[in-house]
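Notes follow the structure.
The values are calculated or read from the model by the stated rules, or taken from the named source; none is laboratory data. Owing to the predicted nature of the structure, the values given are computational and were not obtained by experimental measurement. For neighbour counting, all protein chains shown are included, and Cβ atoms are generated from backbone atoms with ideal geometry for every residue, glycine included. All accessible areas refer to the heavy atoms of the entire protein, side chains included, with ligands and DNA or RNA removed. Shrake-Rupley method; radii C 1.70, N 1.55, O 1.52, S 1.80 Å.
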Amino acid sequence: GIRDIGVTGVQTCALPIFILSKSIVGISDYVQEIGPDLIVVHGDRIEAFAAAIVGNFRNILVLHIEGGEVSSTIDEVMRHSITKLSHIHCVSNKTARNRVLSMGENPNSVFEIGSPEVDIMFSSEIPSLSEVTKHYEIPFNEFAIFLYHPVSNELENLKTNLETMKKILENTNNNFIV
């Protein structure tokens, strides 16, 4: 079954700005404390964007994993912005490499490495399902995992979308890890 987590207090426009500003401050403070030579960021999310901004303003090299991808949402804008703020680019494939190069990046700083997620999925070091269910104390023998990645530029629909998904999941009478 589903425990009622409630879908309340979801803000729309202010939330990303708040997360970005808090992330910049927090990452900047941490970077000042540890003094890294390189900041590694992955993907297209707000915290990766914040880290790339911090790296640039603190004159620290930024390495971006999976730049040059396309999603046709605000995440794509974030990803390409992170690419422009980065000094080293590790892309998934030739198409992504060409996209990064078309943004004017140095070909000597763009490396085609594949997708880290795929490497992880095929790794022999992934714990077994029984190890995971024991570690996280999952009480079900049969269950599905539900992941929800909202469309970042449609946050005004987030509360309604989550409430709808919650009702759909509850009506299946199946067990879900959310």
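Observations, loosely collected:
- Qualifying positions in segment 17-55 - open to solvent by less than 20 Å² (accessible area, probe 1.4 Å) and in a helix (DSSP H, G or I): 31, 48, 50, 51, 52, 54, 55
- Filtered residues of segment 56-77 (kept if part of a helix (DSSP H, G or I), closer than 21 Å to residue 117 by Cα and open to solvent by 30 Å² or more (accessible area, probe 1.4 Å)): 76
- The number of residues in segment 141-178 being touching a strand residue (DSSP E or B) at 6+ places or on another chain (Cβ under 8 Å) and of a type in the set (Gly, Ala, Ser) comes to 1.
- Considering 158, 101, the condition of being touching a Pro at 6+ places or on another chain (Cβ under 8 Å) and either free of Cβ contacts under 8 Å to residues at least 24 places away in the same chain or open to solvent by 50 Å² or more (accessible area, probe 1.4 Å) (or both) is satisfied by 101 alone.
- Cβ-Cβ contacts under 9 Å between residues 6 or more apart (or on different chains), taken from a first residue in segment 116-138 that is without any contact (Cβ under 8 Å) to a residue 40 or more places away in the chain to a second residue that is of a type in the set (Asp, Glu) and open to solvent by less than 70 Å² (accessible area, probe 1.4 Å), are listed as 117/66.
- Criterion violated by residue 110 - all others in (1) loosely packed, with under 14 Cβ neighbours inside 10 Å; (2) of a type outside the set (Asp, Glu); (3) closer than 30 Å to residue 61 by Cα; (4) in contact with a Leu (Cβ under 9 Å, 6 or more places away or on another chain) satisfied: (1)
- From 55, 67, residue being over 24 Å from residue 148 (Cβ atoms), in contact with a strand residue (DSSP E or B) (Cβ under 7 Å, 6 or more places away or on another chain) and modelled with pLDDT under 95: 67
- Scanning segment 29-60 for residues that are touching a residue at least 24 places away in the same chain (Cβ under 8 Å), of a type in the set (D, E, K, R) and over 18 Å from residue 89 (Cα atoms) yields one hit, 58.
- Matching residues, segment 39-59, being touching an Asp or Glu at 6+ places or on another chain (Cβ under 7 Å) and not acidic (Asp, Glu): 42, 43
- Once segment 61-90 is narrowed to residues that are out of contact with any Asp or Glu (no Cβ under 6 Å at 6 or more places or on another chain) and in contact (Cβ under 8 Å) with a residue 60 or more places away in the chain, the residue that is farthest from residue 37 (Cα to Cα) is 73.
- Selected residue [in a strand (DSSP E or B) and of a type outside the set (Phe, Trp, Tyr)] from 149, 89: 89
- Evaluation of residue 122 against (1) loosely packed, with under 10 Cβ neighbours inside 10 Å; (2) touching a Ser or Thr at 6+ places or on another chain (Cβ under 9 Å) (one fails), failing number: (2)
- Whenever a residue of segment 163-178 is open to solvent by 80 Å² or more (accessible area, probe 1.4 Å), its partners that are among the aromatic types (Phe, Trp, Tyr), lying with C-beta atoms within less than 7 angstrom and at least six residues away or across chains, give the pairs 178/146.
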